[in-house]
Structures are given as structure tokens and as C-alpha cells.
């Protein structure tokens, strides 16, 4: 069975990227920040009704917009850090190690 691929538009691709950055990266980061502020009894953001939710939503959207904009500008420096380095294959030793022929 052959799969048919359909090209996505640039706008849809950008929207999907923004959504993934907001949900998977920014939202947990800023929600954790609000929880730490609540533990520290900081009342400027946490004390207002709805203040924490507004802070998390606005900060997440702004963070995603900045990251997606800068990510396209600096492609070389924004590659994944878990990318494997090229490793040369092991060569057999030219000399036998001492004790290798011991029986």
C-alpha cells in the first residue's frame, strides 16, 4: 500500500509549530513558575483572581512567537542538542596488547 503525501501550507505548518511549542514547552514552564511563586507567597501575580491564568497564557504565546521567529533566523544554532556526533568506526589494533596471548 502506497501512502500519498500532501504538502502542507506554510501557514498551517507555522500554526502547528506554534501550538506544539505552546503546549509542550511553554505551558509547563510558566505553570511551574506560577506554582513556585505561589509557594514563595508572592501575591502580585497569584493574588489576583485569574492573574495566574492570564500570565501563563500571555507568556506562553509570546514565548512561542519569539522562539519560532528566532528559530527560523538561527537554524544552525537551534538544532537539537541530542544529535549524535559522527564517530569513526573502531579499527583493529596493530599490536596485540600485553597479556592477550596468555592462556
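Give the average over all directions of the projected area of the C-alpha convex hull of the range 17-72, one decimal, in nm².
3.7
Output needed: percent of Cα pairs per 5 Å distance bin for the range 1-40, bins running from 0 to the one holding the longest distance.
6, 19, 13, 14, 12, 11, 9, 6, 4, 3, 2, 0
Bear in mind these aren't lab numbers, they're just calculated from the coordinates by the rules spelled out. Remember, predicted model here, so these are calculated numbers, not experimental data.
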